[in-house]
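The values are calculated or read from the model by the stated rules, or taken from the named source; none is laboratory data. A quick note: this is a predicted structure, and the numbers were derived from the prediction, not measured. All Cβ positions, glycine included, derive from the backbone under ideal geometry; neighbour counts span all protein chains shown.
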């Protein structure tokens, strides 16, 4: 009985804060782990609140400013398209947020897009981790079901795809 308790204790200590679905704990864009495979021009807006649906369509809120003030529009980039399209039936300039009903592939990691791109694991007690080599002020991030991701900056969305079929999201 004593050995079982020790084994369970050691097992809990070893597995504490190990993400269950990721392959690497630290996201790195350098060392040719991820390459930009697509660049989508989205106009004079900042893309935010980006989400993939299960079919590979990317939804995002584009916000900007014009002579009427600030505006927020929801757009979609369909799976086999390179153009951002408006979604008909939504109020012009007043759509603030979206949600895609899916189980997030990176649910144990919280990513924060701001002046920089930072993240924290769900059980971390230390500081936020900084992602290096980002393309500018990041306003959106979203992961698809295969571990590839997009980063949104002013006027553009960059799609990053892993170079090989090895997941680099978990540093060993």
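Overview of results
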read-out	value
Residue that is modelled with pLDDT under 65 and farther than 23 Å from residue 63 by Cβ, where the choices are 106, 129	106
Pair list, Cβ under 6 Å, 6 or more apart: segment 68-84 residue touching a residue at least 40 places away in the same chain (Cβ under 8 Å), other residue part of a loop (DSSP other than H, G, I, E, B) and surrounded by 12 or more Cβ atoms within 10 Å (Cβ to Cβ)	77/84; 84/42
Per-region count, segment 45-76, residues in contact with a strand residue (DSSP E or B) (Cβ under 8 Å, 6 or more places away or on another chain) and within 16 Å of residue 145 (Cα to Cα)	7
Residue within segment 60-79 that is at pLDDT below 80 and exposed (fewer than 14 other Cβ atoms within 10 Å of the Cβ) present	no
